[in-house]
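As structure tokens, the structure follows; a few thoughts come after it.
The values are calculated or read from the model by the stated rules, or taken from the named source; none is laboratory data. Not measured: the values here are computed from a predicted model. For neighbour counting, all protein chains shown are included, and Cβ atoms are generated from backbone atoms with ideal geometry for every residue, glycine included. Side chains are part of the model used for accessible areas, which takes the heavy atoms of the whole protein and leaves out ligands, DNA and RNA. Shrake-Rupley method; radii C 1.70, N 1.55, O 1.52, S 1.80 Å.
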Amino acid sequence: MWGKLLGTCFGFMFGRFIGAALGFYLGHMFDKSLKQDFDKVGGFQGFSKGEELHERQALFFSSCFAVMGHIAKSNGRVSEVHIQAATAFMDEMQLFGEDRKEAQRAFTAGKESDFSLKESVRDVREAFGRRFDLLQLFLEIQIQMAYSDGHLAEHEQVLLQQVSKYLGISQTHYLFIIKRYQAEFQFRQQRQSEHSRRQQQSSQHRHQQSHSRANSSEHTQAVSRTSALAVLGLESTANEKEIKKAYRKLMSQHHPDKLVSQGLPPHMMELAKKKSQEIQAAYEYLKKGG
């Protein structure tokens with residue numbers, strides 16, 4: 001409003017009625033632009049959104065490490081493997097100083113006998129109820145912790161199912177996520193093994209050795225393709241169109257910038273990046289005819 005008013009006044013002063021009309025138009029454009037900028041930050045409510053976002057990020061961060069600690073202690077004691085996995089998470093997120101201490105405190109709190117898994121996870125669901133991608137990532141992080149020793153024990157499966165239920169994720173989708181993560185783990189292992197094999201190859205081999213290695217390579221390629229498809233949540237019969245569709249959907253769900261805008265703590269962006277890289281690697285492998 002003030003733009004139109006001032007524009008009309010100044011325009012009239014310098015150009016009478018024609019100037020007033022031009023000033024009104026320019027003032028209108030100024031008001032429109034100002035309103036758009038104001039709306040982008042949420043109007044007057046936008047001033048409080050920054051604090052609210054920070055609180056939700058802190059809740060996601062602390063709850064995530066607390067539940068990780070609870071899962072690690074699920075068999076009565078925290079194994080060295082789970083401690084290493086938690087440390088690796090902190091290193092991957094580049095947590096230092098007070099941030100690292102906060103993660104350690106949350107992890108320790110989750111190991112206590114009075115820790116309420118139900119209350120902690122439902123707090124996350126209440127804060128991020130409309131952000132399904134974030135809830136899914138929360139569950140995937142817990143699966144990664146439970147799977148840090150290469151398998152899921154029965155008591156870990158029970159806890160993960162509870163976490164999924166409290167997050168409001170269906171049993172069907174929970175099993176889909178579990179299957180995808182196991183495929184990611186297997187595909188990652190296969191790629192590392194193939195990389196090591198290629199590094200160890202000698203420039204001189206006998207024909208028989210080379211033939212045997214070719215057969216082995218064909219078998220590995222077939223297994224890797226199955227794993228790569230499973231990473232995208234697909235069966236071995238999936239066609240090119242289905243592969244591309246699944247890839248785009250998963251990349252959209254795990255895009256780091258999108259998740260951060262929804263409330264993912266910035267420190268945890270590295271975890272989202274890693275998930276995206278695994279999906280990207282599987283897709284690239286399939287694109288090359290793997």
Could you tell me which numbered condition GLN280 fails, if it satisfies all but one of (1) open to solvent by 30 Å² or more (accessible area, probe 1.4 Å); (2) over 18 Å from TYR181 (Cα atoms); (3) in a helix (DSSP H, G or I)? (2)
From ALA228, ALA246, residue being more than 30 Å from ASP91 (Cα to Cα), aliphatic (A, V, I, L, M) and modelled with pLDDT of 90 or more: ALA246
Selection within region 223-273 - assigned to a helix (DSSP H, G or I) and of a type in the set (Ser, Thr, Tyr): SER224, THR226, SER227, TYR247, SER252, SER261
Residue list for region 143-152, restricted to those being part of a helix (DSSP H, G or I) and open to solvent by less than 30 Å² (accessible area, probe 1.4 Å): ILE143, MET145, ALA146
Taking only region 107-137 into account, find how many residues are in a helix (DSSP H, G or I), of a type in the set (D, E, K, R) and under 23 Å from GLN84 (Cβ atoms). 1
Flag if HIS155 is open to solvent by 40 Å² or more (accessible area, probe 1.4 Å) and either closer than 20 Å to LYS275 by Cβ or not in a helix (DSSP H, G or I) (or both): no
Which of the residues spanning region 105-126 are open to solvent by 30 Å² or more (accessible area, probe 1.4 Å) and within 21 Å of the chain's Cα centre (by Cα)? ARG122, ASP123, ARG125, GLU126
With respect to GLN182, determine if the residue is outside any loop (DSSP other than H, G, I, E, B), open to solvent by 40 Å² or more (accessible area, probe 1.4 Å), at pLDDT 65 or above and in contact with a helix residue (DSSP H, G or I) (Cβ under 9 Å, 6 or more places away or on another chain). yes
Residues of region 228-259 being under 23 Å from LEU53 (Cα atoms) and crowded, with 17+ Cβ neighbours inside 10 Å, which ones? GLN253, HIS254, PRO256, LEU259
For residues that are β-branched (Val, Ile, Thr) and open to solvent by 10 Å² or more (accessible area, probe 1.4 Å), tally how many sit in region 158-168. 1
Determine whether GLU140 is assigned to a helix (DSSP H, G or I) and open to solvent by 30 Å² or more (accessible area, probe 1.4 Å). no
Of the residues that make up region 54-66, is at least one in a helix (DSSP H, G or I), over 20 Å from LEU259 (Cα atoms) and either over 19 Å from the mean Cα position of the chain (by Cα) or basic (Lys, Arg) (or both)? no
Within region 72-106, how many residues turn out to be in contact with a Leu (Cβ under 6 Å, 6 or more places away or on another chain) and assigned to a helix (DSSP H, G or I)? 1
